[in-house]
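The values are calculated or read from the model by the stated rules, or taken from the named source; none is laboratory data. None of the values given here were measured: they were computed from a predicted structure. Note that each Cβ is placed from the backbone with ideal geometry, even for glycine, and that neighbours are counted across all protein chains shown.
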């Protein structure tokens, strides 16, 4: 029996509230030509996924205080809800940017560049993915991190 054949499908979710996090990596290029990457982190009250695990992976995951789903080959988001419990944006390697570049990064994150869509408020200086996309950012990756988890074997296993 191969390792793939021995995997079973589980529903995985954190045991505690406010311990399901989505981390989105966004990239852009500054007017100086320097690349910039930010990570947008949103903490959710609850989250649930399906995951394919071998017996050893199951035992390992149950011992962890924090589970990065990217560490596993096959997982799928079922749902996450009540986001915004904690929300923040980190500029990666922030120390390499000049004061002017940091100001440009802030503007690209929070100020509409160019024409503001009619359904948006021109003075809105909060985060929105629509604003990021219009301002030249592109999402390069998305990661999910869960606090201590519980697993339930799915009935669709053979």
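Looking at 44, 10, which is the one that is touching a residue at least 12 places away in the same chain (Cβ under 8 Å), in contact with a helix residue (DSSP H, G or I) (Cβ under 9 Å, 6 or more places away or on another chain), part of a strand (DSSP E or B) and surrounded by 15 or more Cβ atoms within 10 Å (Cβ to Cβ)? Break it down into steps so the answer makes sense when it comes.
On the way: 44 fails: in contact with a helix residue (DSSP H, G or I) (Cβ under 9 Å, 6 or more places away or on another chain).
Just a single option satisfies the conditions, and that option is 10.
So how many residues does the stretch 77-132 have that are modelled with pLDDT under 95, closer than 26 Å to residue 147 by Cβ and in contact with a helix residue (DSSP H, G or I) (Cβ under 8 Å, 6 or more places away or on another chain)?
The number of residues fulfilling the criteria is 1.
Failed condition for residue 16, given (1) surrounded by fewer than 15 Cβ atoms within 10 Å (Cβ to Cβ); (2) farther than 19 Å from residue 83 by Cα; (3) modelled with pLDDT of 95 or more, with all others met?
Residue 16 satisfies all of (1) surrounded by fewer than 15 Cβ atoms within 10 Å (Cβ to Cβ); (2) farther than 19 Å from residue 83 by Cα; (3) modelled with pLDDT of 95 or more except (2).
Is it the case that some residue within the stretch 61-68 is buried (at least 18 other Cβ atoms within 10 Å of the Cβ) and assigned to a strand (DSSP E or B)?
We begin by selecting, within the stretch 61-68, every residue buried (at least 18 other Cβ atoms within 10 Å of the Cβ); these are 61, 67.
So of that shortlist, the ones also assigned to a strand (DSSP E or B) come out as 67.
The answer is yes, given that some residue of the stretch 61-68 is buried (at least 18 other Cβ atoms within 10 Å of the Cβ) and assigned to a strand (DSSP E or B).
In the stretch 100-158, which residues are under 19 Å from the mean Cα position of the chain (by Cα), under 24 Å from residue 47 (Cα atoms) and in a loop (DSSP other than H, G, I, E, B)?
The answer is 127, 128, 148.
Any residue that is surrounded by 13 or more Cβ atoms within 10 Å (Cβ to Cβ), in a loop (DSSP other than H, G, I, E, B), more than 22 Å from the chain's Cα centre (by Cα) and in contact (Cβ under 8 Å) with a residue 40 or more places away in the chain - is there at least one of those in the stretch 49-56? If you could, list the steps in order and put the result at the bottom.
Taking the stretch 49-56 and keeping what is surrounded by 13 or more Cβ atoms within 10 Å (Cβ to Cβ), we get 49-54.
Subsequent filtering for residues that are in a loop (DSSP other than H, G, I, E, B) retains 54.
Restricting the remaining residues to those that are more than 22 Å from the chain's Cα centre (by Cα) gives 54.
Subsequent filtering for residues that are in contact (Cβ under 8 Å) with a residue 40 or more places away in the chain retains 54.
So far as the stretch 49-56 goes, yes, one or more of its residues are surrounded by 13 or more Cβ atoms within 10 Å (Cβ to Cβ), in a loop (DSSP other than H, G, I, E, B), more than 22 Å from the chain's Cα centre (by Cα) and in contact (Cβ under 8 Å) with a residue 40 or more places away in the chain.
How many residues does the stretch 70-97 hold that are free of Cβ contacts under 8 Å to residues at least 24 places away in the same chain and assigned to a loop (DSSP other than H, G, I, E, B)?
2
Output the residues belonging to the stretch 27-41 that are out of contact with any helix residue (DSSP H, G or I) (no Cβ under 9 Å at 6 or more places or on another chain) and surrounded by 13 or more Cβ atoms within 10 Å (Cβ to Cβ). Break it down stepwise before answering.
First, the residues of the stretch 27-41 that are out of contact with any helix residue (DSSP H, G or I) (no Cβ under 9 Å at 6 or more places or on another chain): 27, 29, 33, 35, 37, 39, 41.
If the condition is that a residue be out of contact with any helix residue (DSSP H, G or I) (no Cβ under 9 Å at 6 or more places or on another chain) and surrounded by 13 or more Cβ atoms within 10 Å (Cβ to Cβ), then 27, 37, 39, 41 are the ones that fit.
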